[in-house]
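The values are calculated or read from the model by the stated rules, or taken from the named source; none is laboratory data. Keep in mind that this is a model prediction, so the values were computed, not measured. Using ideal geometry, Cβ is built from the backbone for each residue, glycine included, and neighbour counts are taken over all protein chains shown. What goes into the accessible areas is simple: the full protein's heavy atoms, side chains included, and nothing from ligands, DNA or RNA. Shrake-Rupley method; radii C 1.70, N 1.55, O 1.52, S 1.80 Å.
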Amino acid sequence: MKILGKQKAVIAILFMLLVMLFTDSNFYTAGNLFNLLEAVSTNAIIAFGVTLAVICKGCDLSVGSVMAMSGIIAIILINGGMHMALAIILAVLSGGLVGFINGFLIVQQKSEAFIITLGMGMLVQGVALLLTNANPVSASNPSFQRISGESWLGIPNIALFMIVLGILTFLLLRFTSFGRNCYALGGDYEVAEHSGINVIKTKWFAFVLTGTFAAVAGVLAASRMNTGLPIAGVEIPLMVNCGVVIGGTSFAGGVGGVPQSFIGIFAMFLLRNCMGMLGIHPNVQMLVLGIMVVLIIALDCYAIKRKKEDV
């Protein structure tokens with residue numbers, strides 16, 4: 001309840017849910033709500049990884065391309081005759097490798113995270129386009145689609161994966177030395193370093209996990225659609241990073257967590273879904289999303305400024 005009380009995004013969510021009660025749309029139908037849940041689940045999994053990087057005072061704009069590439073790699077390997085489990089493991093490791101390279105360039109070489117991950121996203125998307133010749137690829141093994149395409153007790157499998165990964169990430173941040181170190185170095189890098197924290201190892205590993213989570217989401221998304229799309233993650237870096245910040249995981253570092261990031265992601269995708277149900281033009285939807293991002297971040301920045309002034 002403490003988290004909810006501080007969340008401006010929660011107010012926006014409740015307002016949207018209330019408004020949709022009085023509209024003549026199919027918003028409150030099982031089909032739409034399940035579609036919303038599936039869309040949120042894929043992006044929330046990526047957001048859990050991005051949360052680690054942002055808490056460490058970084059960002060990752062390569063996650064969308066990593067998501068696309070990992071799903072494609074899994075499908076190509078499965079179609080080539082490799083055992084499905086091994087193919088999935090290698091696809092997930094490919095995301096971890098991208099995160100490892102990002103971490104090396106950002107932490108070891110002290111490069112700017114925004115520029116490095118933006119460039120890495122372009123590179124990885126190029127790899128995805130070359131692997132597929134810019135065409136969608138479909139899995140030949142029907143078992144692959146069942147990983148995310150089916151449900152358990154009416155809950156889509158991909159949502160169950162999201163819940164499990166969300167809980168694990170929450171526990172990692174809350175109850176391990178790695179999680180505490182992430183908050184410490186995000187709050188003040190030099191103080192954390194002088195306190196004996198291995199800041200390089202911690203921040204580097206955060207980027208490895210960010211890439212790994214994006215790859216997991218990519219495999220699950222490809223399974224749900226039974227297709228790998230080389231341009232599937234074009235909007236995801238913007239949506240996820242903004243959603244994480246809207247939820248309260250600040251780019252200033254050292255603040256936020258899994259529940260906050262989920263709330264932010266849910267708010268953004270709920271807004272898109274509501275506008276789609278109301279028949280609002282896609283161009284107008286992008287305008288409204290932009291206003292929402294700017295307004296909430298501006299309010300949070302103002303609150304932080306007032307807090308510092310009061311101190």
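Filtered by the rule that a residue be among the aliphatic types (A, V, I, L, M) and over 21 Å from T210 (Cβ atoms), the range 182-197 gives a lone residue, V191. Residues in the range 106-119 that are in contact with a Leu (Cβ under 8 Å, 6 or more places away or on another chain) and part of a helix (DSSP H, G or I) were compared, and the one that is surrounded by the most Cβ atoms within 10 Å (Cβ to Cβ) is T117.
To keep it simple, each residue is scored yes or no on (1) of a type in the set (D, E, K, R); (2) touching a residue at least 24 places away in the same chain (Cβ under 8 Å); (3) touching a helix residue (DSSP H, G or I) at 6+ places or on another chain (Cβ under 9 Å); (4) surrounded by fewer than 21 Cβ atoms within 10 Å (Cβ to Cβ).
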{"residue": "I73", "(1), (2), (3), (4)": "no, yes, yes, no"}
{"residue": "A85", "(1), (2), (3), (4)": "no, no, no, yes"}
{"residue": "G126", "(1), (2), (3), (4)": "no, no, yes, yes"}
{"residue": "L131", "(1), (2), (3), (4)": "no, yes, yes, yes"}
{"residue": "N141", "(1), (2), (3), (4)": "no, yes, yes, yes"}
{"residue": "Q145", "(1), (2), (3), (4)": "no, yes, yes, yes"}
{"residue": "F170", "(1), (2), (3), (4)": "no, yes, yes, yes"}
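Selection of helices (runs of 4 or more DSSP H) fully inside the range 177-281 by the criterion of at least 2 residues being crowded, with 20+ Cβ neighbours inside 10 Å and in contact with a Cys (Cβ under 7 Å, 6 or more places away or on another chain) returns 177-187, 199-225. Here G80 clears all of (1) open to solvent by 10 Å² or more (accessible area, probe 1.4 Å); (2) among the small types (G, A, S); (3) touching a residue at least 60 places away in the same chain (Cβ under 8 Å) except the condition numbered (3). M292 - would you say it is at pLDDT below 80, under 22 Å from A39 (Cα atoms) and open to solvent by less than 70 Å² (accessible area, probe 1.4 Å)? Judged against the criteria, M292 is a match.
Is the range 87-105 home to any residue that is among the polar types (S, T, N, Q), surrounded by fewer than 17 Cβ atoms within 10 Å (Cβ to Cβ) and either at pLDDT 95 or above or closer than 21 Å to N133 by Cα (or both)? Taking every residue of the range 87-105 in turn, none turns out to be among the polar types (S, T, N, Q), surrounded by fewer than 17 Cβ atoms within 10 Å (Cβ to Cβ) and either at pLDDT 95 or above or closer than 21 Å to N133 by Cα (or both).
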